Amino acid sequence: MYDIYTIKSSDTIESVSNKFNISPSNLYKLNGFTPDYILRAGSNIIVPKSQNSYFNYYTVQKGDNLYKIAKIYNINENLLAELNGLNKADYIYPNQVIVVPKPGVNVYITKDGDTLMGVVKGIKANINVLLLENPNIFLQSDQIIIYKEK
């Protein structure tokens, strides 16, 4: 779900945040930076993968759990956990940042033995639209396939 980005001399926290569709405060949290941190050209930081236009970032609040967040965002609790590299029973911490699909976006995570036609039938998607939204489907385990509601 994340990539490494090398800072350029013209980059600011705001320009990098805009480029990867993440708030400056969440970019700071993701990298463990303090608010006074200064980006340095040539250094590497963690950024969301480019498919972030399909996801929102949620900052965990005190008292939250995966079940509660899944209900708020109308997503299966197991899928939310898997999407964030967690187990359903994992404890989540206040100020932890997780991803949730944006409204109207659905996610399928591939499993061993999946076929393209099996996935298309299982999620009831149009194969042409699915391939446009996911140009690199390899059907390896744990690949995220994104599809929009009809």
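Only the coordinates and a few stated rules stand behind these numbers; no lab work does. Values in this document were obtained by computation on a predicted structure and should not be read as measured data. Every residue, glycine as well, gets a Cβ built from its backbone with ideal geometry; the counts of neighbours run over all protein chains shown.
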Farthest positive-ward along the chain dipole, Cα basis, beta-carbon charges - from Asn95, Thr6, Ser43
Asn95
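Please label the shape of the chain as rounded, prolate or oblate, based on the square roots a ≥ b ≥ c of the eigenvalues of the alpha-carbon gyration tensor (a/c under 1.5 means rounded; beyond that, a/b larger than b/c means prolate, else oblate). Write down the numbers at each step before the final one.
Working: a/c = 2.28, a/b = 1.45, b/c = 1.58.
Oblate is the answer for the chain, as a/c is 1.5 or above yet b/c matches or exceeds a/b.
Work out, step by step, the length gained on full extension between Tyr67 and Glu82: first 0.36 nm times the residue separation, then minus their alpha carbon distance; give nm to one decimal.
On the way: separation 15, 0.36 × 15 = 5.40 nm, distance 1.28 nm.
Using 0.36 nm per residue and subtracting the Cα-Cα distance, I get 4.1 nm.
Classify the range 101-150 from the C-alpha gyration tensor, please: rounded if a/c falls under 1.5, else prolate or oblate depending on whether a/b exceeds b/c.
Working: a/c = 1.62, a/b = 1.38, b/c = 1.17.
Cα axes put the range 101-150 in the prolate bin.
For the range 1-48, what does the relative contact order come out to in percent, with C-alpha contacts under 8 Å and a separation of six or more?
Values: 53 pairs, mean separation 30.3, N = 48.
Relative contact order comes out at 63 percent.
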The range 28-89 - percent relative contact order, Cα under 8 Å, separation 6 or more
17 percent
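Only helical DSSP H runs with n ≥ 4 go in: add -39500 (n - 2.57) per run for the chain, normalise by residue count and round the 222 nm mean residue ellipticity to 500 deg cm²/dmol. Working shown, then result.
Working: 6 runs with 44 residues, N = 150.
When only DSSP H runs of four or more count, the value is -7500 deg cm²/dmol.
For Ile4 and Arg40 in one chain, what is 0.36 nm times their gap in residues minus the Cα-Cα distance, to one decimal in nm?
Numbers: separation 36, 0.36 × 36 = 12.96 nm, distance 1.44 nm.
Roughly 11.5 nm would be gained on extension.
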Over the chain, calculate the relative contact order: mean separation of alpha carbon pairs under 8 Å at least 6 apart, over the residue count, as a percent.
21 percent
How large is the dipole of the chain about the Cα centre if only Lys and Arg carry +1 and Asp and Glu carry -1, each at its Cβ, rounded to the nearest 20 debye?
300 debye
Which of rounded, prolate, oblate describes the range 1-78, given a ≥ b ≥ c as roots of the alpha-carbon gyration tensor eigenvalues and a/c under 1.5 marking rounded, otherwise prolate only if a/b is larger than b/c?
prolate
Using θ = phi - 60° and the Karplus form 6.51 cos²θ - 1.76 cosθ + 1.60, what ³J(HN,Hα) does each residue of the range 121-137 get, whole Hz, x for Gly and Pro?
5, x, 9, 6, 10, 7, 4, 5, 5, 4, 6, 5, 7, 9, x, 10, 8
Highest GNM mean-square fluctuation, the chain, Cα pairs closer than 10 Å: which of Asn65, Asn106, Asn126?
Asn126
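How about the range 60-144: which trypsin sites (Lys or Arg not before Pro) there are in a DSSP loop, with at most 10 other Cβ atoms within 10 Å of their Cβ? Walk me through the numbers on the way to the answer.
On the way: sites: Lys62, Lys68, Lys71, Lys88, Lys111, Lys121, Lys124; in loops: Lys62, Lys88, Lys111, Lys124.
Here the sparse-neighbourhood loop sites are Lys62, Lys124.
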May I ask which of Lys62/Lys111; Lys29/Lys68; Lys29/Lys111 have a Cα-Cα span longer than 24 Å here?
Lys62/Lys111; Lys29/Lys111
Please find, in a Gaussian network model of the chain (springs between Cα atoms separated by less than 10 Å), the residue of Ile38, Ile75, Ile13 whose mean-square fluctuation is greatest.
Ile38
